[in-house]
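Engineer: Dropping the structure in here first, questions after.
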Amino acid sequence: MDTAAFLEYLKSQKTYEGQIAHIEHIPPREAVYAELEKPLHESLQACIARRGIASFYTHQAEAVNAARQGKNVMVATSSASGKSLCYNTAVIEALLTEPASRAIYLFPTKALAQDQLRVLREFFCRTFPDGRPAVFDENDFATFDGDTPLGERTEIRQDARIILSNPDMLHLGILPNHRVWAKLLRNLKYVVIDEAHIYRGVFGSHVAGVMRRLRRLCRLYGSNPQFICCSATVANPGEHAERLTGLPFTVVDNDGSPHGAKEFVFWEPPIIDKVRSTRRSASSEATHLFTELASRSIRTLTFARTRRLTEIIYSYSWDKLLETNQLIAKRIMPYRAGYLPKERRQIERDLFGGQLLGVVATVAMELGVDIGDLAATVLTGYPGSIASVWQQAGRSGRGMESSMSFLIGLDNPLDQYFMRHPEAFFKKSVENALVNPDNHYILRAHLLCAAWEIPLISSDDQYFGPRMADEITGLEVEGLLRKNHRNQKWYLSPSISYPAQAINIRSTSRENFALIDTSTGALLETVDASIAFYQIHPGAIYLHQGEAYLVTKLDLAGHTAYAEPTSANYYTHTKEIEDLRIIKEIRSRTCGSVKVYLGEVEVTNTVVGFKKKAQYTEEVIGEEPLDLPPIKFQTVALWFDLPSESIDRVDKAGLDFAGGIHAAEHAAIAMLPLFALCDRNDIGGVSTPLHPDTDQPQIFIYDAYPGGIGIAEKGYEIIEQLWQAALDVISECPCESGCPSCIQSPKCGNNNKPLDKEAARVLLEGVGGRKEKSSK
């Protein structure tokens with residue numbers, strides 16, 4: 001595509017108000033190749049050559065060489081760099097040379113498994129043009145997930161040599177039923193974990209537990225599989241793979257793949273209120289860019305961070321295109337989790353086949369499902385990590401074709417920081433992927449599952465770590481495990497059956513809520529219990545495939561919400577209040593004159609109401625109270641003291657101290673994802689002028705998941721950098737007294753009151769040790 005011409009066209013429009021904050025030209029890169037240490041098996045070489053692959057990129061050759069040496073391998077390279085060839089080559093060679101060998105491929109989504117099944121069959125299950133038979137039969141490769149027909153499962157267990165599945169099915173369907181999977185487990189040569197960067201936080205910590213259970217059962221059946229992990233670029237690929245599996249890894253990150261030129265545009269919505277520094281909504285800007293691209297037949301994928309925003313942008317775009325070009329309007333679709341599998345597969349096929357010109361999607365389409373060649377991507381807001389930005393932007397411009405990507409800055413501190421400091425994005429290394437397999441709640445859940453599979457023994461701590469003994473003791477006290485003193489093994493209590501069924505590895509909650517359309521009685525979709533109070537509370541506007549529904553009732557006992565179609569021209573946003581108590585201090589350190597702590601806390605979160613916000617303008621047009629039960633959980637937090645000198649400066653200047661610590665808390669929370677691979681919603685915070693557990697002012701930042709997943713710990717380690725980033729975002733924002741781009745938080749249950757921008761600056765200067773300026 002002619003990227004320069006399209007950008008000039010945008011600039012020439014009446015709607016252009018200087019939105020282009022930065023253009024980064026990413027030059028094309030030529031391929032770099034390397035040789036394998038020894039030739040491939042003849043049949044494998046023929047299959048690869050038939051697909052037009054004559055040589056291996058450097059990272060592919062390095063990965064295959066390491067796998068052949070028996071090493072566990074982590075391949076961490078860019079999107080569309082040919083990572084799947086790394087593991088397919090190693091696995092297929094093993095299957096050809098060791099006829100009994102088996103492999104498991106794990107993907108975070110069913111769509112990815114189906115896509116890789118298609119690749120395997122196209123590579124290895126087709127007759128050669130010269131009449132030679134296919135190397136493998138199609139039945140040698142099979143997906144096994146919740147969509148697999150019951151009538152096919154026995155044949156798959158017996159015959160398939162590569163099982164393509166997901167961690168959920170491994171956890172729920174394969175490991176608890178390992179006896180019928182004995183043939184696979186006895187001969188398991190390789191375990192492939194694709195898109196490993198997705199396995200972080202709660203999901204990643206659960207997957208780490210599942211991997212340890214898998215390795216434990218492999219020992220039972222006499223196998224010791226190698227692991228090959230593939231990931232987008234993260235700062236700690238080796239550490240991440242090791243924490244996921246409990247094994248040492250060789251890291252391959254010398255990316256030899258080529259790519260075309262890309263224009264990466266940072267697009268800043270214009271200010272519509274200079275006093276409050278309020279900007280035009282990012283959804284309106286995304287609609288504008290998406291429709292302009294689609295109208296010029298430029299195949300485009302637009303990403304939104306939430307289901308709701310996905311539906312809003314699609315709805316806006318449909319309405320706009322319907323006025324100008326109905327044929328184009330019919331060639332765009334939304335795509336997100338929650339749709340039925342059949343609907344998602346049809347959208348993928350239509351985008352791949354060219355029937356669709358554009359799709360508005362959540363991160364469900366960030367991953368590597370083959371959707372053909374796209375020319376443009378639009379990212380509606382920073383998706384929470386630099387790794388995800390490159391993953392999403394990499395969906396356009398595959399091969400050597402030129403492409404463009406737009407990152408639209410949202411009205412929040414982190415997005416605005418990058419809009420003002422694009423070099424901080426393009427020159428910064430990617431973040432750490434964080435998992436915590438020692439999380440109390442997660443570890444005990446997988447110990448119960450492991451005990452169901454085979455009784456636990458003391459040497460199982462080689463899989464579950466040194467905390468296993470304490471957790472087993474606790475489970476014994478609760479009557480969930482029983483020890484047989486004759487054989488020194490722990491057995492699951494007879495009162496518990498199939499514990500894996502009660503554990504959702506993608507969430508801290510065990511339940512889902514059903515959302516019912518009262519006009520038809522049909523199930524619209526299921527909503528995770530952990531977010532139910534925020535999305536399907538009474539009075540909520542819920543969007544499904546572009547259609548708005550008003551939630552009329554939430555049945556807590558029955559885990560069911562009821563909604564009716566509505567033409568309301570607003571959306572809803574919850575308000576919450578938080579309370580925090582310190583349980584135990586884990587450690588502390590002194591930074592300059594400030595003491596910083598890490599410890600265990602109990603958080604109480606209550607959804608107290610919701611706001612109604614007008615579409616397009618996002619003006620608050622109403623507020624309603626809610627009466628929902630509080631949510632309590634224990635987690636890990638960091639907190640820090642405030643220098644008395646800074647407190648005195650705030651007081652002498654007549655500033656609002658409570659507003660200052662509240663604003664500093666918001667800014668610090670907003671900037672923490674700059675250093676840890678997490679989302680702002682993964683973090684919570686509390687600030688108080690006098691905390692009852694310390695008898696002094698305190699700012700807390702905590703992991704928003706029971707037991708903690710390592711985010712607060714990472715913040716504790718880099719606290720000086722966090723203070724500096726928070727200070728920068730406040731000092732550089734042009735607003736007068738605070739705005740969503742610096743100190744206002746969309747999650748704030750106190751309606752962003754009180755907030756004092758200048759007081760926050762003084763306090764952050766004090767803790768950060770920078771030269772203090774005189775207060776105004």
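The values are calculated or read from the model by the stated rules, or taken from the named source; none is laboratory data. As the structure is a prediction and not an experimental result, all values here were calculated from the model. Cβ atoms come from the backbone with ideal geometry, glycine included; neighbour counts cover every protein chain shown. In case anyone asks, the SASA skips ligands and DNA or RNA and just uses the protein heavy atoms, side chains included. Shrake-Rupley method; radii C 1.70, N 1.55, O 1.52, S 1.80 Å.
Engineer: Would you mind listing the strands (runs of 3 or more DSSP E) fully within region 175-292 where at least 1 residues are touching a helix residue (DSSP H, G or I) at 6+ places or on another chain (Cβ under 6 Å) and more than 30 Å from P740 (Cα to Cα)?
Structural biologist: Filter on region 175-292 gives 188-193, 226-231, 250-252.
Engineer: Quick one: which residue in D194, D147 is open to solvent by 40 Å² or more (accessible area, probe 1.4 Å), among the charged types (D, E, K, R) and in contact (Cβ under 8 Å) with a residue 60 or more places away in the chain?
Structural biologist: The conditions single out D147.
Engineer: Does S283 qualify as being surrounded by fewer than 21 Cβ atoms within 10 Å (Cβ to Cβ), touching a residue at least 24 places away in the same chain (Cβ under 8 Å) and not charged (D, E, K, R)?
Structural biologist: Judged against the criteria, S283 is not a match.
Engineer: What are the residues in region 567-586 that are open to solvent by less than 70 Å² (accessible area, probe 1.4 Å) and modelled with pLDDT under 95, if any?
Structural biologist: Correct list: A568, Y570, Y571, T572, H573, T574, K575, E576.
Engineer: Of all helices (runs of 4 or more DSSP H) completely enclosed by region 293-382, which ones contain at least 3 residues that are at pLDDT below 90 and open to solvent by 10 Å² or more (accessible area, probe 1.4 Å)?
Structural biologist: 307-324, 341-353
Engineer: Looking at (1) at pLDDT 95 or above; (2) under 19 Å from the mean Cα position of the chain (by Cα); (3) within 15 Å of A76 (Cα to Cα), find the lone condition where A235 falls short.
Structural biologist: (1)
Engineer: Sticking with this one: For region 448-461, does any single residue satisfy the condition of being in contact with a Gly (Cβ under 6 Å, 6 or more places away or on another chain), at pLDDT 95 or above, over 30 Å from L356 (Cα atoms) and not small (G, A, S)?
Structural biologist: No; the residues of region 448-461 include none that is in contact with a Gly (Cβ under 6 Å, 6 or more places away or on another chain), at pLDDT 95 or above, over 30 Å from L356 (Cα atoms) and not small (G, A, S).
Engineer: Only residues that are open to solvent by less than 10 Å² (accessible area, probe 1.4 Å) and hydroxyl-bearing (S, T, Y): list them for region 154-189, please.
Structural biologist: Listed by number, the list holds a single entry, S165.
Engineer: Assess whether Q744 counts as being open to solvent by 30 Å² or more (accessible area, probe 1.4 Å), of a type in the set (S, T, N, Q), modelled with pLDDT under 95 and within 22 Å of I577 (Cβ to Cβ).
Structural biologist: In short, yes.
Engineer: Here is a further query. Only one of E431, E476, E453, E471 is open to solvent by 30 Å² or more (accessible area, probe 1.4 Å) and of a type in the set (D, E); which?
Structural biologist: E476
Engineer: When only residues in region 503-523 that are touching a residue at least 24 places away in the same chain (Cβ under 8 Å) and of a type in the set (G, A, S) count, which is surrounded by the fewest Cβ atoms within 10 Å (Cβ to Cβ)?
Structural biologist: My answer is S519.
Engineer: Give G715, G738, G749 a once-over and let me know the one that is surrounded by fewer than 19 Cβ atoms within 10 Å (Cβ to Cβ) and either within 13 Å of E665 (Cα to Cα) or among the small types (G, A, S) (or both).
Structural biologist: When all the criteria are applied, what remains is G749.
Engineer: Conditions: (1) within 21 Å of the chain's Cα centre (by Cα); (2) surrounded by 17 or more Cβ atoms within 10 Å (Cβ to Cβ). T526 meets all but one. Number of the miss?
Structural biologist: The number of the failed condition is (2).
Engineer: Just checking, how many residues over region 95-110 are open to solvent by 10 Å² or more (accessible area, probe 1.4 Å) and either of a type in the set (D, E) or part of a helix (DSSP H, G or I) (or both)?
Structural biologist: Number of matching residues: 4.
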